[in-house]
C-alpha cells in the first residue's frame, strides 16, 4: 500500500458515438478509486469501442471470437525503462449495455465496476482460482462502496 493520493493520468478515447456513455471524468474517478493506495503514480489509457472493434481485439489478443466487456493490457516495458505506464483498458460499450440490462444494473454502475475490475487487473490482481476471485471481488465491492455504488455481485 502507498500513502497519499494517487497521481493518475487517464486518457479516455471513444471509438463510437459518445451519446449515453459515461464522461471521461467519470472513468478517471473510477480508475483513481481503484488505484488509490495501490500505486503512487500511473498513466492509463481507456478506450471505449463498438462490438466490431471489441471482437477483433478479443480475437487477436485472446483467441476468442466474440466481443467481451473489458480487456486489460498491462504495460510491458523493456527492462531499465522507468515510466509510470500502467496499461490500457478497452471497454466494449454494446456488451456493457446488454449486460447491465440483462442483470438489472444501472448502466453507470456497471461501467464503474468494469473500470475498477480492469484497473485491478492492470495492477496485477487476477481471478484465476477461487481464492483469488473471492479476494478480487471483495476488493471491488469495497472500492465501489467507497464510490457510493452497490455490490456488483
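Just so you know, all these numbers are worked out from the coordinates, no wet-lab data involved. Predicted, not measured: the structure shown is a model, and the values here were computed from it. Cβ placement follows ideal geometry from the backbone for every residue including glycine, while neighbour counts extend to all protein chains displayed.
Ordered by the number of other Cβ atoms lying within 10 Å of each residue's own Cβ, fewest first, 14, 111 fall into the sequence 14, 111. Expressed as a whole number of Å, what is the distance separating the alpha-carbon centroids of the stretch 1-60 and the stretch 108-125? Their Cα centres are 9 Å away from one another. So which residue, out of 81, 70, 96, gets the largest mean-square fluctuation from a GNM of the chain using Cα contacts under 10 Å as springs? The residue that fluctuates most here is 81. For residue 139 and residue 66, the difference between the fully extended length at 0.36 nm per residue and the C-alpha to C-alpha distance is 23.5 nm.
Summary value for the stretch 7-146: 25 percent relative contact order, contacts being C-alpha pairs under 8 angstrom separated by 6+ residues. Entry note, the chain: the mean residue ellipticity at 222 nm calculated from DSSP H runs of n ≥ 4, each adding -39500 (n - 2.57), is -14000 deg cm²/dmol after division by the residues and rounding to the nearest 500. Label-to-label distance, residue 29 versus residue 75, with points set 7 angstrom from Cα along the beta-carbon direction: 2.6 nm.
Remark: the chain projects, on average over all directions, an area of 9.6 nm² (convex hull of Cα atoms). Residues of the stretch 28-45 with amide nitrogen under 20 Å from the 7 Å Cα-to-Cβ point of residue 18? Only 28-32, 44-45 pass the distance filter. Among 8, 57, sorting on how many other beta-carbon atoms sit within 10 Å of each Cβ, with the fewest leading, yields 57, 8. Ellipsoid fit via the Cα gyration tensor, the stretch 59-129: semi-axes of 26, 14, 11 Å, each the root of five times an eigenvalue, largest first. Taking the stretch 67-91 and a reference point 7 angstrom along Cα→Cβ of residue 52, the backbone N atoms nearer than 18 Å belong to 67-68, 91.
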